[in-house]
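The values are calculated or read from the model by the stated rules, or taken from the named source; none is laboratory data. The shown structure was predicted, so the numbers you read here are calculated from the model rather than taken from an experiment. Cβ coordinates were reconstructed from backbone atoms using ideal geometry, including for glycine residues, and neighbour counts include every protein chain displayed.
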Number of protein chains: 2
Amino acid sequence: MARVLKEQKHDDGRRGDIVRAAAKLFRDKGYDGASMRAIANAVGMQCGSPFYHFASKQDILVAVVEEGLRQGLEKTRAVVKPNLPADAQFRALVKVHLSIILEDGNDFIPVMLYNWRCLDEVHQRRLIATKDEYDAIWQNAVNGLHNAGFLGGDTKFARLMVLGAMNFMVTWYKPKKGDSLDTLSDKVVAFFLSQHA
Amino acid sequence: MARVLKEQKHDDGRRGDIVRAAAKLFRDKGYDGASMRAIANAVGMQCGSPFYHFASKQDILVAVVEEGLRQGLEKTRAVVKPNLPADAQFRALVKVHLSIILEDGNDFIPVMLYNWRCLDEVHQRRLIATKDEYDAIWQNAVNGLHNAGFLGGDTKFARLMVLGAMNFMVTWYKPKKGDSLDTLSDKVVAFFLSQHA
DNA sequence: CCTACCGATCGGTAGG
DNA sequence: CCTACCGATCGGTAGG
């Protein structure tokens, strides 16, 4: 019990610092472009010290992606409400997703999206299970749009298009004064559901 | 004159082999993940030999992106026809773009899309001019959709959504027997223009 | 968590 | 275009 408490505190301390700093560096420079030395220095450590907390650089990447999926799934589940109209449910999910990939300090999911192939196959296979949960929530919401007449055709394809368009925003979105993620979410929703405005 | 001819032949020979091999490796492993040794070996050279053709690894990346933009712009311009109905023009552009990013051996533009930040700022600034030409063609087509009543709202945002959704296909599209880029183009067009089907 | 270090690999070069 | 090599940097480790 004491041991469990100690480990939890540990996770929230230096280990967590490393994961957050690595996420930022992986996002900015890519997995290969961010050296262990850079990660160590970002948290005020010497170059060998992160290996006290992680067995390898790969394990840090895994921790980043795991943390991203954990946070992302938590935030996403929190806005899923069974009695919401399809378009309102869609808007809520869009807003959460934009926050997950665009908001300052949320580097975990962008790292996952753009460094997925840097993960070992073993880790990919394990993490894909959680990714599937995430996709299933979205698939439900898109199916809801279809059933409510907002979308026709192939709903799996529709989900991929919607999420793809948003995920690619990571490459071009620059936050500007005056517009919030709320405004941006409205634009995304308006674009995809414009046929019923 | 003889010198010009010789250089042209040279470009189409070993230099071109290096650019094509590098494009494939940059696409598969990323710019940092693909070593000069791997690029050299892919064309049957020793590790120092590519430097007879290029001053640096960075210059190979620049050549890959330049070739991608050149080919892409050429193919794209070829399908732009002033008297085409807006939806037909859109479909033609979608098909060309899918071919550019998904067809086997077309690694140049995917490398550009996902290794853009590996380019020096100087090269980015120069290449962005050509990118803008590409975007302008698409903007025209999307404006055409808007004017014909296929789309409402912010047409620049619409362009970014449409291209983003397609560009992200690079991360999930796996060619399957029986479906062609024609079928896929139809699905993309149907999705974005479904409100007027 | 630091110090001091390892072997491996990297991009790039000189000389032919 | 090859051979042979360079200094720099990489991820990772042993010992404290």
Wholly enclosed helices (runs of 4 or more DSSP H) of the stretch B:11-59 bearing at least 2 residues free of Cβ contacts under 8 Å to residues at least 24 places away in the same chain and within 8 Å of DNA strand C (Cβ to nearest atom)
B:36-42, B:50-53
Those residues of the stretch B:100-127 that are surrounded by fewer than 16 Cβ atoms within 10 Å (Cβ to Cβ) and among the β-branched types (Val, Ile, Thr) come to a total of 1
Take A:Val142 and tell me if it is within 17 Å of the chain's Cα centre (by Cα), more than 23 Å from B:Arg117 (Cβ to Cβ) and modelled with pLDDT of 95 or more.
no
Inspect all residues belonging to the stretch B:61-79 and state whether any of them is within 14 Å of another protein chain (Cβ to nearest Cβ), within 11 Å of DNA strand C (Cβ to nearest atom) and assigned to a helix (DSSP H, G or I).
yes
When you check B:Leu98 against the structure, is it in a helix (DSSP H, G or I) and within 13 Å of the chain's Cα centre (by Cα), yes or no?
yes
Per the filter on the stretch B:14-35, residues more than 10 Å from DNA strand D (Cβ to nearest atom) and of a type in the set (A, V, I, L, M) are B:Val19, B:Ala21, B:Ala22, B:Ala23, B:Leu25, B:Ala34
How many residues are in contact (Cβ under 8 Å) with a residue 60 or more places away in the chain and among the polar types (S, T, N, Q) when one looks only at the stretch A:96-139?
3
Starting from the stretch A:141-161, keep only residues that are facing chain B (nearest Cβ under 10 Å), then list their pairs with residues that are at pLDDT below 95 whose Cβ atoms are within a distance under 6 Å, requiring at least 6 positions of separation or different chains.
A:Phe150/A:Leu193; A:Phe150/A:His196; A:Gly152/B:Ser194; A:Ala158/A:Leu151
Flagged in the stretch A:175-189 as free of Cβ contacts under 8 Å to residues at least 12 places away in the same chain and more than 12 Å from every other protein chain (Cβ to nearest Cβ), in numbering order, are A:Lys176, A:Lys177, A:Gly178, A:Ser180
